[in-house]
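Shown next, in structure tokens, is the structure this report addresses.
The values are calculated or read from the model by the stated rules, or taken from the named source; none is laboratory data. The structure displayed is predicted, hence computed values, not measured ones. Here Cβ is always computed from backbone atoms with ideal geometry, including for glycine, and neighbour counts include all displayed protein chains.
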Amino acid sequence: MAQDQITEYTPGTPFPGVIGRTLDESSPAWPAPKRAAAGSPNVVVVLWDDVGFGQLSPFGGLCETPTLERIAARGLRYSNFHTTALCTPTRGCLMTGRNHHSLGLSAITETSLGFPAHNSFIGFEHGFLPEMLLEHGYNTFAIGKWHLTAPTESTTAGPYNRWPLGRGFERFYGFLAGSTDHWFPDLVYDNHPIPAPATPEDGYHLNIDLADHAIQFIKDSHVHAPDKPFLLYYALGAGHSPHHVEPEWIEKYAGRFDAGWDEYRRVVFERQLAEGIVPADTVLSERDPDVPAWDSLSDDEQRMYAREMEVYAGFIEQSDHHLGRVVDFIDELGELDNTIIVVMSDNGASAEGGVHGTFNEVQFFNGVPETLEKNLEYFDRWGGPDTYPHYSWGWAWAGNTPFRRWKRETYRGGVTDPCIVSWPAGIAGHGEVRTQYAHVTDILPTLLDTLGIEAPDVIRGVEQSPIHGTSFAHSFDAPEAPSNHTTQYFEMFGSR
């Protein structure tokens, strides 16, 4: 029977067919599946971790990211985009369009406290983007970092209703916690913890694995429903510690950061001015009092710190490379032009490596001071399987050029982040910069606006809370349009 001969009806409404005494006297009808509107674009949301405003090459940074350059050349760079200064709160805002305290996410899930704004339990009245798109005929896939489930609900004892598959994603491959080892990751496949499928000796790296599964999820869907659009949430572990990457990516950057973080800031700031990323009258922020001048450092300090940044830059470029494999696959399907790609970071660059950096970030979280002497012992192995490294906070300061401070603090170095939006089929401007104020809570309403979908009043029987963000889709083809988002608060660990 041809599709146009099938009688369908909305579940919950009266059956429109006929039930007779015999088949000849009967007429069948089937519950109508949820179908996306014809021509609906795919949606890919790429979330970087702990990547500062001045690190990625489309924003003047010295970490080469050709995939992001390709996306930016076919889209728009938003230079006045803001987050919450921390990973979990930003992720909650991104998924729901609501401010982080209203979600119980005043900080990361591991700091859950027994008070409403701080308990890390996101109520079901705060619907997630995938829950909304499922109702409009989308497949929904999540890859990489989750970090939205309280630790007490993150074990195999469940409950699983706040894991990715409980909040609207049909498939998940990644990790639940705030970070993981990229050589020996703690993996979850859908609702099941699994061992890493290979070892570093076999050529394993998490970024390869994540890209492989993103491609496989899309392929699985398209084999049976090639016209069905998808949402892919691609949440990288990079550039959060541990900065793990193969030696060939590190060696590409050998010597590039020998001039230090002061020179890095100068070069990046000049590039930002030339690209129009910052206004022409922008003044570079003053030296941070916690960061020593590069010229004041000893030879050993300079050698160690430059190595830390070489590893970080290699990690970022390698992550970009494997993201590029996913983008290439969508292109091979002939769907890249009609795919909305949003790229952003969750907060500014991280200072959690302290003044020297650390070969093992766990030291920082346990209050164990790092030392230059100990780091030097790991110089040649930095980024390898027997390290869990993080760079010096001098690089975090430089990575947030032209702003002050870093992750965890509500200075602009903590809350102003890169954002790219690309949709060649729907956005006329390519390679342009937009300066409208935007906040991470605006991503969800912007996507709904672009897709022509209204935010639901009820999801799975639960009445929904108001969405706090506002759409900035009006700015896609109007460079001089005013900002819709005119008031926003910032608070993190008492910094406000």
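Laid out as a table, the results:
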{"item": "Selection within the range 218-268 - hydrophobic (A, V, I, L, M, F, W, C), surrounded by 17 or more Cβ atoms within 10 Å (Cβ to Cβ) and touching a helix residue (DSSP H, G or I) at 6+ places or on another chain (Cβ under 7 Å)", "result": "I218, F230, L231, L232, L236, A238, V245, W249, I250, F257, W261"}
{"item": "Residue list for the range 379-392, restricted to those being more than 12 Å from N360 (Cβ to Cβ) and assigned to a loop (DSSP other than H, G, I, E, B)", "result": "G383, G384, P385, Y391, S392"}
{"item": "Subset of the range 1-26 (residues that are assigned to a strand (DSSP E or B) and either touching a residue at least 40 places away in the same chain (Cβ under 8 Å) or touching a Ser or Thr at 6+ places or on another chain (Cβ under 7 Å) (or both))", "result": "V18"}
{"item": "Residue list for the range 127-140, restricted to those being touching a Ser or Thr at 6+ places or on another chain (Cβ under 8 Å) and either free of Cβ contacts under 8 Å to residues at least 12 places away in the same chain or not small (G, A, S) (or both)", "result": "F128, L129, P130, L133, L134, H136, Y138, N139"}
{"item": "Residue check for L47: aliphatic (A, V, I, L, M), without any contact (Cβ under 8 Å) to a residue 40 or more places away in the chain and either part of a loop (DSSP other than H, G, I, E, B) or closer than 28 Å to W395 by Cα (or both)", "result": "no"}
{"item": "Long-range neighbours under 7 Å by Cβ, at least six apart or interchain, first residue touching a residue at least 40 places away in the same chain (Cβ under 8 Å) and within 17 Å of L165 (Cα to Cα) within the range 112-126, second β-branched (V, I, T) and buried (at least 16 other Cβ atoms within 10 Å of the Cβ)", "result": "H126/T96"}
{"item": "Candidate set: the range 474-496, residues that are surrounded by fewer than 20 Cβ atoms within 10 Å (Cβ to Cβ) and of a type in the set (A, V, I, L, M, F, W, C); chosen: the one nearest to the chain's Cα centre (by Cα)", "result": "F490"}
{"item": "Residue list for the range 91-119, filter: within 13 Å of H147 (Cβ to Cβ), part of a loop (DSSP other than H, G, I, E, B) and modelled with pLDDT of 95 or more", "result": "L105, A107, I108"}
{"item": "Pick from the range 329-350, criterion of a type in the set (A, V, I, L, M, F, W, C) and assigned to a loop (DSSP other than H, G, I, E, B), ranking: surrounded by the most Cβ atoms within 10 Å (Cβ to Cβ)", "result": "A349"}
{"item": "Residue in the range 338-347 that is touching a residue at least 24 places away in the same chain (Cβ under 8 Å) and more than 30 Å from S221 (Cα to Cα) present", "result": "yes"}
{"item": "Members of the range 430-473 that are part of a loop (DSSP other than H, G, I, E, B), loosely packed, with under 13 Cβ neighbours inside 10 Å and out of contact with any helix residue (DSSP H, G or I) (no Cβ under 8 Å at 6 or more places or on another chain)", "result": "G452, D457, G461, P466"}
{"item": "Pairs, first part of a helix (DSSP H, G or I) in the range 56-78, second of a type in the set (S, T, Y), C-beta under 8 Å, six or more apart", "result": "S57/T65; P58/T65; F59/S79; P66/S57; L68/S57; E69/S57; I71/S422; A72/S422"}
{"item": "Candidates S106, S112, S79, S102, filtered to the one that is touching a strand residue (DSSP E or B) at 6+ places or on another chain (Cβ under 6 Å), of a type in the set (S, T, N, Q) and in the same structural domain as G237 (by TED's automatic domain parsing)", "result": "S79"}
{"item": "Residue in the range 357-378 that is assigned to a loop (DSSP other than H, G, I, E, B), modelled with pLDDT of 95 or more and crowded, with 24+ Cβ neighbours inside 10 Å present", "result": "yes"}
{"item": "Filtered residues of the range 276-300 (kept if in a helix (DSSP H, G or I) and buried (at least 17 other Cβ atoms within 10 Å of the Cβ))", "result": "W294"}
{"item": "Filter result for I143 (crowded, with 22+ Cβ neighbours inside 10 Å, β-branched (V, I, T) and in contact with a strand residue (DSSP E or B) (Cβ under 9 Å, 6 or more places away or on another chain))", "result": "yes"}
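The rows are residues; the columns are (1) in contact with a Phe, Trp or Tyr (Cβ under 9 Å, 6 or more places away or on another chain); (2) at negative phi; (3) charged (D, E, K, R).
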site	(1), (2), (3)
G61	yes, yes, no
L86	yes, yes, no
G92	no, yes, no
S112	yes, yes, no
P116	no, yes, no
S120	no, no, no
